[in-house]
Amino acid sequence: MKDENHMNLHDSPRTRLILQSAIPNMFYRLAAPNMLAVIVISLVTFSEAWYIGKVNTVALAGLAIVFPFQTLMGMMGNGGMGNGTASALSRTIGKNDFKRAQSVIWHSALINFLLSLIYLICLGIFSRSIFDLFGASEEVTSQAVLFSRIFFGLAPFIWLYFWMKSVYRGLGAIQILARLDIVASVIQLVLSGALTLGWGFFPSLGLLGPAIAAVICQGFAGVAMLCWFILGKFEISLKIVSLDFDVAGDILKVGGMGVLLASNIALTIMLTTRFVADFGTEAIAGYGVCGRLEQMFIPLAFGVGGVLVVIVGTNFGATQYERARKSARFGALIIALVSTLIGVILALFPSLWIDLFTKELGAFAIGSVYLRIVGPVFGLFAGGQTLSFASYGTGSMIIPVLGGMYRVFITTIFGLSIAYFSLDISFLFLGVTLGMIGWAIILSLNMVSKGWNPEKTID
């Protein structure tokens, strides 16, 4: 049994790496395996759209309707509340407080369970009422509902996966987490294709395929991670503790602001999808394919940003603020450069991406316009997103949330302008571009705020 009275959390090799190692070496040890895991996870998202594109355009449009809600749940569970947990846990470890670390883990379990029930009820049971608001055809809406009743109806299994990932990140167990993520994602990639297209002895289930595969693979991964944790493989164990509003408040303060940020990002996608829907099913499909690419930069940024939550949080807990800032800038620069390269290539050659998913001329035309206008600023979006993830570690998320609200505002203004003045869809995509540019500027300026510079407030 662990002796919590004599436990020094700084003795952990993972914590020493975060607090003492050279920044490039630390990123190589932690971010590299996480980036590999994220790439594999991204392949799953790519493959789902590719599989569904082989079914028909209606199914692809149905997936485009559901995708913002998938994104929202992932950003709330794995991002918002997940980072709230990782932030609270890593800052507590930085302060070397064993009892509070145990309390953070238990309270985060309760919070994640309650959130999973909300998704089960709202999108598992009442999905049709929500999807009808998008104004798509009955055929497209029915496809979206079919997917949601499985994916969101069994949401607690996926939220278990989110919770365990946040705990592992908070403990700095990035390498273990990365290996588990890769195994689960590879299995999901294959199983999704098999169930969607009917490979071998598997039935052809169309849009149900990705939903079933996600629940099975992520659910089993969550159970495996929980068992590994319960078996005592870490310096902190799972322990039921009495309700502590200070601990819950610490998680909810950061996680709640993260949920607002996630909601703003998802709302931006939803609004864009709604405005695009006025141009028809092929327009929804074309935007859905390229909008999915945009959202793939979020997990790409999370590959580094998720690690930065722990790096920044642990160093903040240990009052090593300058090391935290240098780490955040280093990580954001890497992601911005990679994303810019991808965005420029696809802006010049949109067929490299779009042809992977659809051959419909109308969908291709809309997707091409989107990539040529938005693609060149993907790097700014991804770099800003990396800094927003890093901000979780500071415990201060006000400015990133304001940045998310700015994107919602810009999208709304440009979308309504299209409807009122009967403008071309390219005007809407210009609004998306300006939203990304503003987002990057806001997150860059955030680095000089009090949230990132607490030592300057001390006399």
Per-region count, segment 376-402, residues of a type outside the set (Val, Ile, Thr) and either on the phi > 0 side of the Ramachandran plot or surrounded by fewer than 24 Cβ atoms within 10 Å (Cβ to Cβ) (or both): 6
All positions within segment 225-279 that are surrounded by 21 or more Cβ atoms within 10 Å (Cβ to Cβ) and among the small types (Gly, Ala, Ser): 255, 258, 262, 266
Whichever residue in segment 207-224 is in contact (Cβ under 8 Å) with a residue 60 or more places away in the chain and not aliphatic (A, V, I, L, M) and, among such residues, is surrounded by the most Cβ atoms within 10 Å (Cβ to Cβ): 210
Some residue of segment 318-325 being closer than 29 Å to residue 376 by Cα and surrounded by fewer than 18 Cβ atoms within 10 Å (Cβ to Cβ): no
Qualifying residue in segment 242-249 (condition: over 27 Å from residue 174 (Cβ atoms), without any contact (Cβ under 8 Å) to a residue 24 or more places away in the chain and among the aromatic types (Phe, Trp, Tyr)): yes
For residue 347: the one exception among (1) more than 29 Å from residue 319 (Cβ to Cβ); (2) without any contact (Cβ under 8 Å) to a residue 24 or more places away in the chain: (2)
Wholly enclosed helices (runs of 4 or more DSSP H) of segment 350-439 bearing at least 2 residues under 28 Å from residue 321 (Cβ atoms): 378-392, 398-421
Sole exception among (1) in contact with a Leu (Cβ under 9 Å, 6 or more places away or on another chain); (2) over 20 Å from residue 195 (Cβ atoms); (3) crowded, with 22+ Cβ neighbours inside 10 Å for residue 26, by number: (3)
Hey, residue 452 among the aromatic types (Phe, Trp, Tyr), closer than 22 Å to residue 336 by Cβ and not in a helix (DSSP H, G or I) or not: yes
Pairs where the first residue, in segment 370-391, is more than 24 Å from residue 273 (Cα to Cα) and in contact (Cβ under 8 Å) with a residue 24 or more places away in the chain and the second is part of a helix (DSSP H, G or I) and among the charged types (D, E, K, R), C-beta under 7 Å, 6+ apart: none
Segment 15-38 residues that are within 17 Å of residue 328 (Cβ to Cβ) and modelled with pLDDT of 85 or more, paired with ones that are surrounded by fewer than 22 Cβ atoms within 10 Å (Cβ to Cβ) and small (Gly, Ala, Ser) (beta carbon under 6 Å, 6 or more apart): 19/318
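Can you tell me how many residues within segment 78-117 are of a type in the set (A, V, I, L, M, F, W, C), surrounded by fewer than 24 Cβ atoms within 10 Å (Cβ to Cβ) and closer than 17 Å to residue 160 by Cβ? So that I can check it myself, show each step before the final result.
Step one: filter segment 78-117 for residues of a type in the set (A, V, I, L, M, F, W, C), giving 81, 86, 88-89, 93, 98, 101, 104-106, 109-111, 113-115, 117.
Okay, now just the ones that are also surrounded by fewer than 24 Cβ atoms within 10 Å (Cβ to Cβ), so 98, 106, 109-111, 113-115, 117.
Those left that are additionally closer than 17 Å to residue 160 by Cβ: 106, 109-111, 113-115, 117.
The number of residues fulfilling the criteria is 8.
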Members of segment 156-177 found to be at pLDDT 90 or above and of a type in the set (A, V, I, L, M), listed by number: 158, 160, 164, 167
Those residues of segment 231-261 which are part of a helix (DSSP H, G or I) and over 26 Å from the mean Cα position of the chain (by Cα), in sequence order: 245, 246
Residue pairs meeting the criteria (Cβ under 7 Å; at least 6 apart or on separate chains; first without any contact (Cβ under 8 Å) to a residue 60 or more places away in the chain and within 16 Å of residue 173 (Cα to Cα), in segment 75-96; second among the aromatic types (Phe, Trp, Tyr) and in a loop (DSSP other than H, G, I, E, B)): none
Any hit, segment 189-206, residues being surrounded by 14 or more Cβ atoms within 10 Å (Cβ to Cβ) and on the phi > 0 side of the Ramachandran plot: yes
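Evaluate segment 326-334: report whether one residue or more is charged (D, E, K, R) and either under 26 Å from residue 19 (Cα atoms) or touching a residue at least 40 places away in the same chain (Cβ under 8 Å) (or both). Give the steps one after another, and end with the answer.
Narrowing segment 326-334 to residues charged (D, E, K, R): 326, 329.
Now narrow it down to the ones that are either under 26 Å from residue 19 (Cα atoms) or touching a residue at least 40 places away in the same chain (Cβ under 8 Å) (or both): 326, 329.
Checked against the condition, which is being charged (D, E, K, R) and either under 26 Å from residue 19 (Cα atoms) or touching a residue at least 40 places away in the same chain (Cβ under 8 Å) (or both), segment 326-334 yields at least one hit.
Kindly establish whether residue 192 is part of a helix (DSSP H, G or I), under 25 Å from residue 303 (Cβ atoms) and touching a Ser or Thr at 6+ places or on another chain (Cβ under 7 Å). It would help to see each step written out before you state the result.
Details: part of a helix (DSSP H, G or I): yes; under 25 Å from residue 303 (Cβ atoms): yes; touching a Ser or Thr at 6+ places or on another chain (Cβ under 7 Å): yes.
Considered against the rule, which asks whether it is part of a helix (DSSP H, G or I), under 25 Å from residue 303 (Cβ atoms) and touching a Ser or Thr at 6+ places or on another chain (Cβ under 7 Å), residue 192 comes out as yes.
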Subset of segment 446-457 (residues that are buried (at least 17 other Cβ atoms within 10 Å of the Cβ) and touching a Lys or Arg at 6+ places or on another chain (Cβ under 9 Å)): 447, 452
Some residue of segment 427-445 being touching a helix residue (DSSP H, G or I) at 6+ places or on another chain (Cβ under 6 Å), surrounded by fewer than 17 Cβ atoms within 10 Å (Cβ to Cβ), of a type in the set (Ser, Thr, Tyr) and farther than 17 Å from residue 301 by Cα: no
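The values are calculated or read from the model by the stated rules, or taken from the named source; none is laboratory data. Predicted model, so just to flag it, every value in this text is computed and none were measured. Note: ideal-geometry Cβ built from the backbone for every residue, glycine included; neighbour counts use all protein chains shown.
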